[in-house]
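> Would you mind keeping the following structure in view while I ask a few things?
The values are calculated or read from the model by the stated rules, or taken from the named source; none is laboratory data. Bear in mind the structure is a predicted one, so any value in this text is a computation, not a measurement. Cβ sites come from the backbone with ideal geometry, for glycine too, and all protein chains shown count toward neighbours. Note: areas computed on protein heavy atoms with side chains; ligands, DNA, RNA excluded. Shrake-Rupley method; radii C 1.70, N 1.55, O 1.52, S 1.80 Å.
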Amino acid sequence: MTEISQRPIGVFDSGIGGLTVVHELLKQVPAESIVYFGDTARVPYGTKSAEAVRRFALQDAAFLAGHGVKMIVVACHTASSAALGLLDGRFSFPVLGVTEPGVQAALRKTTGGRIGVIGTRGTVQSGIYVRSLTEKNRQIQVWAQACPLFVPLAEEGWLDGDVTREIARIYLEPMIQAEVDTLILACTHYPLLKNVIAQVMGDSVQLIDSAEETARVVKQCLDTNMIASPGTNPAGHRFYVSDIPIQFQEVGERFLGRKLGSVQQVDIESIRIDEPD
Ligand code: DGL
């Protein structure tokens with residue numbers, strides 16, 4: 001056991017959505033303490049340029065590094081798509097994203113090599129899923145679709161009902177036409193809409209919950225690097241946001257599935273981006 005193993009895991013997202021990843025981490029690595037940063041002042045990332053998202057992600061990661069974390073999980077798909085390459089290798093600890101765990105799970109589970117990906121515009125435009133899936137297996141066919149309205153629907157708690165089902169039907173029609181057998185939920189918010197998405201896609205389509213898959217990869221990474229927490233209970237979780245915390249606290253509890261505790265506001269724009277270690 002080393003001193004490093006006792007440090008927290010840092011998790012960041014553009015806002016609230018990354019709490020779906022924290023929810024899975026609390027289930028799969030319950031002994032770990034978490035420091036979470038949600039960039040609520042600059043959300044959404046999904047509609048911003050890749051260049052802007054890269055700058056935000058560098059600041060978010062630098063903020064967490066300042067909290068002595070032993071690993072960073074980039075819980076935001078848009079930030080993972082745009083900035084993981086930039087963050088990976090920049091610090092003396094591992095930086096994991098949410099893209100590869102979803103890709104690996106889809107490749108394991110696909111039955112006919114027809115994979116759909118749904119996410120923000122930024123994630124879809126980055127082309128990262130199509131590239132990663134087809135690089136690993138040239139036989140795979142991929143269809144990608146941006147579903148921007150899913151984010152506000154999840155935040156408003158419209159997780160079911162006619163309006164949400166109709167929007168899902170419109171967005172997912174190309175996936176149904178393409179007869180995908182596997183669909184990657186490539187956005188932090190989509191696990192909340194899993195029931196509606198499953199109803200629209202039908203029983204034969206497997207949904208890949210990237211939050212679940214990412215938590216599995218985090219657990220493996222902790223074990224491989226021998227940095228898993230030695231205790232059985234976390235020392236405590238801390239939540240930071242870049243805008244006033246009220247909304248984050250209220251909506252966040254739905255995303256996390258439990259009480260959040262105190263949430264502190266920080267000035268993320270003042271974080272300096274240092275050269276890589
Ligand atoms: N967290 C973002 C993602 O997973 C969704 C919200 C946003 O656009 O910032 O891509």
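> Can you tell me how much longer the chain between GLU269 and ARG138 gets when fully stretched, taken as 0.36 nm per residue apart minus their C-alpha distance, in nm with one decimal?
43.0 nm
> Now for a different question. Using the structure shown, select from LYS27/LYS194; LYS194/LYS259; LYS219/LYS259; LYS109/LYS259; LYS109/LYS219; LYS109/LYS194 the pairs with a Cα to Cα distance greater than 25 angstrom.
Working: LYS27/LYS194 18 Å; LYS194/LYS259 22 Å; LYS219/LYS259 23 Å; LYS109/LYS259 34 Å; LYS109/LYS219 20 Å; LYS109/LYS194 17 Å.
The pairs that break the limit, which is 25 Å between Cα atoms, are LYS109/LYS259.
> Farthest toward the dipole's positive end in the chain, which of THR134, GLY102, VAL22, given Cβ charges of +1 (Lys, Arg) and -1 (Asp, Glu) about the Cα centre?
So the residue we want is THR134.
> Would you mind classifying the range 1-158 by shape? Square roots of the alpha carbon gyration tensor eigenvalues, ordered a ≥ b ≥ c; an a/c under 1.5 is rounded, otherwise it is prolate if a/b is larger than b/c and oblate if not.
Numbers: a/c = 1.64, a/b = 1.36, b/c = 1.21.
It comes out prolate by the Cα gyration axes.
> OK, next. Rounded, prolate or oblate for the chain? Axes are the square roots of the Cα gyration tensor eigenvalues, ordered a ≥ b ≥ c, and the cut-off for rounded is a/c under 1.5.
prolate
> Here is a follow-up. When only DSSP loop residues count, what trypsin sites (Lys or Arg not before Pro) in the range 1-84 have their Cβ near at most 10 other Cβ atoms within 10 Å?
none
> Measure off, as a whole percent, the carbon and sulfur share of the 1.4 Å-probe accessible area of the range 149-277, all protein chains present.
With neighbouring chains kept in place, the figure for the range 149-277 is 50 percent.
> Can you pull the one-decimal nm distance between simple spin-label points at LYS259 and ILE246, each 7 Å off the Cα toward Cβ?
2.1
> Quote the charge dipole size of the chain about the Cα centre in Debye, to the nearest 20; the model charges only the Cβ of Lys and Arg (+1) and of Asp and Glu (-1).
Values: 25 positive and 31 negative charges, 87 e Å.
So the dipole magnitude of the chain works out to roughly 420 debye.
> What is the packing order of peptides 140-151, 116-127, taking the mean over residues of other C-beta atoms within 10 Å and listing the highest first?
Descending mean neighbour count gives 116-127, 140-151.
> With axes computed from alpha carbons, what is the tilt in degrees of helix 246-256 against the longest principal axis of the chain, rounded to the nearest 10 within 0 to 90?
60
> Once fully extended, how much extra length lies between ASP223 and SER92, figured as 0.36 nm per residue of separation less the alpha-carbon to alpha-carbon distance?
Extending this stretch completely gives an extra 45.5 nm.
> For the range 127-221, run through the trypsin sites (Lys or Arg not before Pro) and keep only the ones in DSSP coil with at most 16 other Cβ atoms within 10 Å of their Cβ.
Loop-located and lightly packed - ARG138.
> Further question on the same structure: Taking 0.36 nm per residue of sequence separation and subtracting the Cα-Cα distance, how much length would be gained by fully extending the chain between THR47 and ARG216, in nm to one decimal? Spell out each step's value before the answer.
Working: separation 169, 0.36 × 169 = 60.84 nm, distance 2.85 nm.
Extra length from THR47 to ARG216 when fully extended: 58.0 nm.
> Can you work out the FRET efficiency for the pair ARG108 and ILE176, with r the C-beta to C-beta distance and R0 = 30 Å, to the nearest 0.05?
Plugging the Cβ-Cβ distance into 1/(1 + (r/R0)^6) gives 0.85.
> Something else now. Tell me which residues come under 5 Å, amide H to amide H, from ARG238 once H is placed; ignore anything under 5 positions away on its chain.
Counting only residues 5 or more places away or on other chains, the set is ILE34, VAL35, TYR36.
> Taking the Cα atoms only, what angle lies between the long axis of helix 77-87 and the longest principal axis of the chain, rounded to 10 degrees?
Between the helix axis and the principal axis of the chain, the angle is about 50 degrees.
> Going by a ≥ b ≥ c, the root eigenvalues of the Cα gyration tensor, does the range 125-258 fall in the rounded group (a/c under 1.5), the prolate group (a/b larger than b/c) or the oblate group?
Judged from the Cα gyration tensor, the range 125-258 comes out oblate (a/c at least 1.5, b/c at or above a/b).
> Now, a different point. Taking the Cα centre of the range 149-208 as origin and charging only Cβ (+1 Lys, Arg; -1 Asp, Glu), how large is the dipole, in debye to the nearest 20?
Approximately 80 debye in magnitude.
> Next up: Could you order peptides 107-115, 258-266 by the average number of other Cβ atoms within 10 Å of their residues, highest first?
By packing density, highest mean first, the sequence is 107-115, 258-266.
> Output the 0 to 90 degree angle, nearest 10, between the alpha-carbon long axis of helix 210-224 and the longest principal axis computed from the alpha carbons of the chain.
40
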